[in-house]
Amino acid sequence: SPKTAAENSGPGKRGWAAVHNRLDNMYQNDNPDLPTLEPWQMSTRPPSDRFVAVRNPYYHRVDTAGRQLPYIDRVVMAVADGKLIPAKAGAGESDLQARDVQFANYTFLKQSEKRNHFRTLLWRSGLGSQFTLFPNLNIKDAAWRRLFRDARFRHALSMAIDRALVNQVLYFGLATEANNTVLPESPLYRKAYQERWTRYDRKAADRLLDELGLARGGDGMRTLPDGRPMEIIVETAGESTEQTDVLSLIRETWAEVGIKLFAKPLQRELLRKRVFSGQTMISVWTGLENGVPTADMSPDELAPTSELQLQWPKFGQFHETGGKMGEAPDMPEVIELKTLNDAWHVAGTTAEREKIWHRMLDIHAEQQFNIGVVCGVPQPVIMRATLMNVPEKGTYNFDPGAFFGIYRPDTFWFKQ
């Protein structure tokens, strides 16, 4: 309560505002005493490996018959290792599960449906790219920094990826070979944004690498201008085998143009720290969080606005701190993205905002600041056979959509 927060402030203690912000952290949802307008209220204090949220008796929504929502009285969230979740869900331990379930698990899940009384739906992913490479433009190593900041090198890396091979081998041809950009469901979609520099073209990639002075040695592998071998370490968060599988296929085709690739799994927080400190060469993550934007949605993801952006964390920190920390953008195209993003925030009409969006998307397609591989990978959604009101088809995305939130979980119910 505010009174408690005020009593906790004073000499040698955190201020009232800090205490209050800690107690009302709705994103973490870790304070059972915090009043809520949500359908369920958390009843478990962390730390715990089993969290229980109970029906909010004061929830303000009702159904068409006047019955107060939610229908379901309790939501139980069990914490488990992400690598075990597909097996546990396939064994019938989940009523509704998509997190940490990959398309590669689909066959196993379908085989387990009847035995464990669940269904496996395939929803669309709303991410701009399922798998994206992020060359670190703020890397400390001067030689690698020069290369990563040269668009020709990024184009070569992109054209040396056989996206059709990745699609067929890992996704049975159901994904789309594409850049990290907006999806066809977005009114801002253009085919050129999705396809520029994505065609597998070993000869063209070779020519660009030759132009850059990256000579081949006797073993066919290239070297940097300073004589070091061209060995690229790609770091991942180590949270899925999918990333490792994609990198294995990319390793084969990059080797054909004289580049050695080594995958290095790390913990998520360590990966972010290494990227930010300039130690990471290339990292792997998903692409645009919102792959289905309209012109009236913010294009912040396309501009240097956050230190969490893996391709230019120092540029993002410079923006977040008002120039007090980080590095000022010094690449013309990155500066233009920042200028365009600033202009979007003061644009007076949708037509102006749409024009800005298209210019930003065009810059990204041409520059390949991050290199998408495939998008539209189906997302398995495991649903208990008795769980009702979950749509057969949907889009699984954090923003917009809040994953299941857009489909009103307060209206889900179980039949006998």
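Hey, which of the strands (runs of 3 or more DSSP E) in the stretch 51-167, taking only ones fully inside, have at least 3 residues that are touching a Leu at 6+ places or on another chain (Cβ under 8 Å)?
Details: elements: 74-78, 118-125, 132-135.
Because the criterion is at least 3 residues that are touching a Leu at 6+ places or on another chain (Cβ under 8 Å), the strands (runs of 3 or more DSSP E) in the stretch 51-167 that meet it are 132-135.
Mind checking which residues of the stretch 168-177 are closer than 15 Å to residue 125 by Cα and either open to solvent by 60 Å² or more (accessible area, probe 1.4 Å) or not in a loop (DSSP other than H, G, I, E, B) (or both)?
Within the stretch 168-177, 171, 174, 176, 177 qualify.
Checking residue 316 against (1) open to solvent by 20 Å² or more (accessible area, probe 1.4 Å); (2) in a helix (DSSP H, G or I); (3) more than 30 Å from residue 174 (Cα to Cα), only one condition comes out false. Which one?
Only one criterion in (1) open to solvent by 20 Å² or more (accessible area, probe 1.4 Å); (2) in a helix (DSSP H, G or I); (3) more than 30 Å from residue 174 (Cα to Cα) is unmet by residue 316, namely (1).
From the set of residues in the stretch 29-47 that are open to solvent by 60 Å² or more (accessible area, probe 1.4 Å), at pLDDT below 95 and over 27 Å from the mean Cα position of the chain (by Cα), which is nearest to residue 406 (Cα to Cα)?
Only one residue tops the list, namely 37.
Please identify the pairs in which a residue from the stretch 133-153 that is more than 17 Å from residue 304 (Cβ to Cβ) and crowded, with 23+ Cβ neighbours inside 10 Å has its Cβ atom under 9 Å from the Cβ atom of a residue that is of a type in the set (Ser, Thr, Tyr) and at pLDDT 95 or above, counting only partners at least 6 apart or on another chain.
133/158; 133/283
I want to confirm something. Restricting to the stretch 62-76 and keeping residues that are exposed (fewer than 15 other Cβ atoms within 10 Å of the Cβ) and either under 23 Å from residue 386 (Cβ atoms) or hydrophobic (A, V, I, L, M, F, W, C) (or both), which single residue is farthest from the chain's Cα centre (by Cα)? I'd like the intermediate steps shown before the answer.
Filtering the stretch 62-76 down to residues exposed (fewer than 15 other Cβ atoms within 10 Å of the Cβ) leaves 62-67, 73-74, 76.
Then keep just the ones that are either under 23 Å from residue 386 (Cβ atoms) or hydrophobic (A, V, I, L, M, F, W, C) (or both); that gives 62-65, 67, 73-74, 76.
Values: 62: 34, 63: 34, 64: 36, 65: 39, 67: 38, 73: 32, 74: 29, 76: 25 Å.
If we take residues in the stretch 62-76 being exposed (fewer than 15 other Cβ atoms within 10 Å of the Cβ) and either under 23 Å from residue 386 (Cβ atoms) or hydrophobic (A, V, I, L, M, F, W, C) (or both), then 65 is farthest from the chain's Cα centre (by Cα).
Being in contact with a helix residue (DSSP H, G or I) (Cβ under 9 Å, 6 or more places away or on another chain), of a type in the set (S, T, N, Q) and either farther than 18 Å from residue 276 by Cβ or assigned to a loop (DSSP other than H, G, I, E, B) (or both) is the requirement here; does residue 339 meet it? Let's see the steps before the verdict.
Numbers: in contact with a helix residue (DSSP H, G or I) (Cβ under 9 Å, 6 or more places away or on another chain): no; of a type in the set (S, T, N, Q): yes; either farther than 18 Å from residue 276 by Cβ or assigned to a loop (DSSP other than H, G, I, E, B) (or both): yes.
Against the criterion (in contact with a helix residue (DSSP H, G or I) (Cβ under 9 Å, 6 or more places away or on another chain), of a type in the set (S, T, N, Q) and either farther than 18 Å from residue 276 by Cβ or assigned to a loop (DSSP other than H, G, I, E, B) (or both)), residue 339 does not qualify.
Does any residue in the stretch 65-76 that is more than 14 Å from residue 42 (Cα to Cα) come within less than 7 Å, Cβ to Cβ, of a residue that is surrounded by 10 or more Cβ atoms within 10 Å (Cβ to Cβ) and acidic (Asp, Glu) six or more places away or on a different chain, and which pairs are these?
That search, which allows pairs on different chains as well, returns 69/63; 69/410; 70/410.
Given the criteria farther than 30 Å from residue 377 by Cβ, modelled with pLDDT of 95 or more, in contact with a helix residue (DSSP H, G or I) (Cβ under 6 Å, 6 or more places away or on another chain) and not hydroxyl-bearing (Ser, Thr, Tyr), does residue 329 qualify?
Taking the combined requirement at face value, the residue satisfies it.
With respect to residue 361, determine if the residue is of a type in the set (A, V, I, L, M), within 23 Å of the chain's Cα centre (by Cα) and at pLDDT 95 or above. If you could, list the steps in order and put the result at the bottom.
Numbers: of a type in the set (A, V, I, L, M): yes; within 23 Å of the chain's Cα centre (by Cα): yes; at pLDDT 95 or above: yes.
In short, yes.
The values are calculated or read from the model by the stated rules, or taken from the named source; none is laboratory data. This structure is a prediction, so every number in the text was calculated from the model and none was measured. Every residue, glycine as well, gets a Cβ built from its backbone with ideal geometry; the counts of neighbours run over all protein chains shown. What goes into the accessible areas is simple: the full protein's heavy atoms, side chains included, and nothing from ligands, DNA or RNA. Shrake-Rupley method; radii C 1.70, N 1.55, O 1.52, S 1.80 Å.
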